[in-house]
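The next block holds one structure in the form of structure tokens; read it before the comments.
The values are calculated or read from the model by the stated rules, or taken from the named source; none is laboratory data. For clarity, every value in this text was computed on a predicted model and none was experimentally measured. Positions of Cβ are generated from backbone atoms using ideal geometry, with glycine treated the same way; all protein chains shown enter the neighbour counts. Calculation scope for accessible area: heavy atoms of the full protein, side chains included, ligands and nucleic acids excluded. Shrake-Rupley method; radii C 1.70, N 1.55, O 1.52, S 1.80 Å.
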Amino acid sequence: MQLEFSADNEARLGRLLAEYPDRQACLLPALYIAQEQFGYLTHEVMELVAERIGMPPGEVLSTATFYTMFRKRPTGKYHIQVCGNVSCFLRGSDRLMTALSKTLGIGDGETTEDGLFTLSAVQCLAACGTAPALQVNDTYYEEMTPEKVVELVGRLREEAK
Amino acid sequence: MSTAQTNYLLRWGDKKDLWKLDGYRLQGGFRSLRKALLMKPADIVAEVKKATIRGRGGAGFPAGVKWGFVPAGDGPRYLVINADEGEPGTFKDRALLTEDPFRIIEGAAIAARAVGLTAGYVYMRGEFLEIARKFEEAIAAARKAGYLGKSILGSGLSFDLFVHLGAGAYICGEETALLESLEGKPGRPRLKPPFPAVKGAFARPTVINNVETIAAIPVVLEIGGDAFHRLGVEGDGGVKLFGLSGHVNRPGLYEFPMGKNLKEFIFEDGGGITDGKALKGVIPGGSSTPILKPDEIDVPMTFDGLKSVGSMLGTGCATVIAEGTCMVQVALRVAKFYAHESCGQCTPCREGCAWMASTIDRFERGVASLGEIDLLLDVARNIKGRTICPLGEAAAMPVEALVTKFRDEFEAHVRAGGCPSVAG
Ligand SMILES: Cc1cc2nc3c(=O)[nH]c(=O)nc-3n(C[C@H](O)[C@H](O)[C@H](O)COP(=O)(O)O)c2cc1C
Ligand code: SF4
Ligand code: FES
């Protein structure tokens, strides 16, 4: 089946074109819209974006692969991203990672079999003053402890039911 | 003399609803913009020059001087606000964006008036998606109330502002990589010159400033350039946000006049080191700034003050490290970060950063030899000065400082065949 943007997303793309003096500048926002709708960026999705913006698919691919937040494969419903940089390390981020690995049964970069959780070690989240910090999808959780992360996972499991 | 905290920028603690338009106006919001609209553009630039506010993104270039570089002329000219905040240890812009968005919008409109800019983009790191959504609401409210858009407050000045999200690449904080990213390309830094002031976004004259620099502009207009300058020290004016993280009793964000003493900041305002431990080292302004030992921190927090002890003020957010922490681990986290974030277009940076990270990892695993210490220092020195952008240097400097100042720990890792300390 031919991929299409939803009517809503078509409208968003249309508005984007008015915000920039040049079509290619819409690429990052367009990739975000595509990722939101399709979950991750396959070649077909990138071709759709290329066609809408009017760019060669190869250039869309080279931009998309440069940025880590554009997902090229499926990710769990909840993407838990634990900062492991210095300020969080000093405040015990390794213990968060260990507790999460244990309770989820997966390591860094892996996804649970039920597709609910992906666990990733990430770089500084600009929350160092309230370290250790993590994000679940786009939401921040700060001043975390091993107990709090296990509790958080429990809550997310409930929410997903 | 102990320098007290100020609250020109960090003012949301006791001011409710500052992030809403009405709350912002209640605190005198947009008065500076009204003032600016009655001033000649050149006079606004002159006030910012007098204020001697040095770039808060880390490089410390005077904002007024930068504004003065933009050539006169017609056609589109852009403002880009750098909200990429990725330098590890730094957490000030996120707070400003969340708590006081209209300050940034007001600062942007004043910059537009001063330099003759037609549109602006707030480039936010992708992780700030939720902040971005709220910021867009603030922009929409400001537009509706006439502070942005066509003929702002009936003045004839037309300027609009948009949020642009990055997507997880630290290098896009570097101003020319940011411009590439804004234009929809991979974020690989450009060769300079041309400088963005002449040829920036979409090949047009562009002013790029950090969030905090722009947020300070309404303050400059409110109290005047000279008064702002006098808050700080000669040549490094005003107040600034400073952060504390790591092993300190009161981590968080603070505001002081430029020139606050770093030692006093940590031990008085910050409440000293956690668990009554001794201090081992301080990374003064983000992970690229060379670490200081305890006997090196009795210095004023100014761009020149930190330079005098061989480091840098950077972003002003300090990471405090207590005794008992393994410095090889710290070096490993720092080196891995830059190796991961190198855009790869210069060989010394791409190869050198990867090499430093894998070598420090060898020390951590206890398989390195003593000779590799000097090799590590050699590689770090060879990156410096041979790259397109400063990231290479940003990686080499902290590694060089950590290895030089804590050489005994690298040696101990070799002798013990791994990390000899339990803590960390
Ligand atoms: C590798 C690298 C990363 C940077 N990251 C940021 C950043 O996240 N935010 C920022 O404001 N400036 C960052 N900068 C500095 C910018 O290049 C630029 O100097 C700054 O945005 C100018 O604004 P200012 O003069 O107001 O500080 C970075 C520089 C380099 C070399
Ligand atoms: S120094 Fe590193 S990050 Fe900067 S342009 Fe060269 S390879 Fe890219
Ligand atoms: S080091 Fe973890 S948020 Fe900055």
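Ordered from highest to lowest accessible area with the whole protein assembly present and a 1.4 Å probe, A:HIS79, B:HIS164 read as A:HIS79, B:HIS164. Inter-chain Cβ neighbour count for A:15-28, averaged per residue, equals 5 (cutoff 10 Å, partner chain atoms only). Peptide packing: for B:48-55, B:156-163, the average count of neighbouring Cβ atoms within 10 Å per residue gives the ranking B:48-55, B:156-163, highest mean first. Could you tell me which residue out of B:GLY107, B:ILE208, B:GLY224 lies farthest along the dipole of region B:21-231 toward its positive end? Charges go on the beta carbon: Lys and Arg +1, Asp and Glu -1, centred on the Cα centre. Final value for the positive-end residue is B:GLY224.
For region B:8-143, count all C-alpha to C-alpha pairs, find those more than 19 Å apart, and express that count as a whole percent of the total. Across region B:8-143, Cα pairs with separations above 19 Å total 55 percent.
Counting only lysines at least 8 places from B:LYS134 when in the same chain, those with an alpha carbon closer than 23 Å to its own are B:LYS15, B:LYS16, B:LYS20, B:LYS92, B:LYS144, B:LYS150. Charges were assigned to the Cβ only: +1 to each Lys and Arg, -1 to each Asp and Glu. The resulting dipole of chain B about its Cα centre is roughly 1200 debye.
What are the aspartates and glutamates whose alpha-carbon lies under 19 Å from the alpha-carbon of A:LYS161, with same-chain residues fewer than 8 places away excluded? Qualifying aspartates and glutamates at Cα under 19 Å: A:GLU113, A:ASP114, A:GLU151.
Scalar couplings 3J(HN,Hα) for region B:404-416, obtained by applying the Karplus form with A = 6.51, B = -1.76, C = 1.60 to θ = phi - 60°, are 5, 7, 10, 3, 4, 6, 5, 5, 4, 5, 5, 5, 7 Hz; x denotes Gly and Pro. Take A:LEU17: with every protein chain present and a 1.4 Å probe, its accessible area is about 70 Å². Candidate cross-link partners of A:LYS102 among the lysines, defined by an alpha-carbon separation under 20 Å and a same-chain spacing of 8 or more, comprise A:LYS77, A:LYS148.
Sorting the segments A:87-97, B:171-181, B:361-371, B:23-33 by their residues' average number of neighbouring beta-carbon atoms within 10 angstrom, most packed first, yields B:171-181, A:87-97, B:23-33, B:361-371. Computed from point charges on the beta carbon alone (+1 for Lys and Arg, -1 for Asp and Glu), the dipole magnitude for region A:7-66 about its Cα centre is near 120 Debye. The per residue volume of the convex hull around the alpha-carbon atoms of chain B is 132 Å³. Look at the stretch B:165-177: the mean tally of other chain Cβ atoms within 10 Å of its residues' Cβ atoms is 3.
For region B:239-322, the Kirkwood radius over C-alpha pairs fed into Stokes-Einstein at 37 °C and 0.692 mPa s yields D = 271 µm² per second. Helical runs assigned H by DSSP (4 residues or longer) give chain B a calculated mean residue ellipticity at 222 nm of -12500 deg cm²/dmol, each run adding -39500 (n - 2.57) before division by the residue total. Considering the dipole of the protein assembly as shown built from charges on the beta carbon (Lys and Arg +1, Asp and Glu -1) around the Cα centre, which of B:LEU182, B:PRO420, A:GLN123 is farthest to its positive end? Highest projection toward the positive end goes to B:LEU182. Where only DSSP H runs of four or more residues are counted, chain A gives -14500 deg cm²/dmol as its mean residue ellipticity at 222 nm, each run worth -39500 (n - 2.57). Selection among A:MET55, B:GLY120, B:HIS247 by position relative to the dipole of the protein assembly as shown gives B:GLY120 as farthest towards the positive end (Cβ unit charges, Cα centre). Shielding value for B:310-323 is 1, the average number of Cβ atoms from other chains within 10 Å of each residue's Cβ. Counting lysine pairs in region B:239-322 whose alpha carbons fall under 23 angstrom apart, excluding pairs fewer than 8 residues apart on the same chain, gives 14. Among the residues of region A:107-132, those with an accessible-area drop of 30 Å² or more from chain alone to full protein complex, heavy atoms and 1.4 Å probe, are A:GLN123, A:CYS124, A:ALA126, A:CYS128, A:GLY129.
About the centre of its Cα atoms, region B:239-322 shows a dipole size close to 160 debye [charges on the beta carbon of Lys, Arg (+1) and Asp, Glu (-1) only; nearest 20 debye].
Its residues counted as N, the protein assembly as shown yields a C-alpha radius of gyration over 2.2 N^0.38 Å of 0.95.
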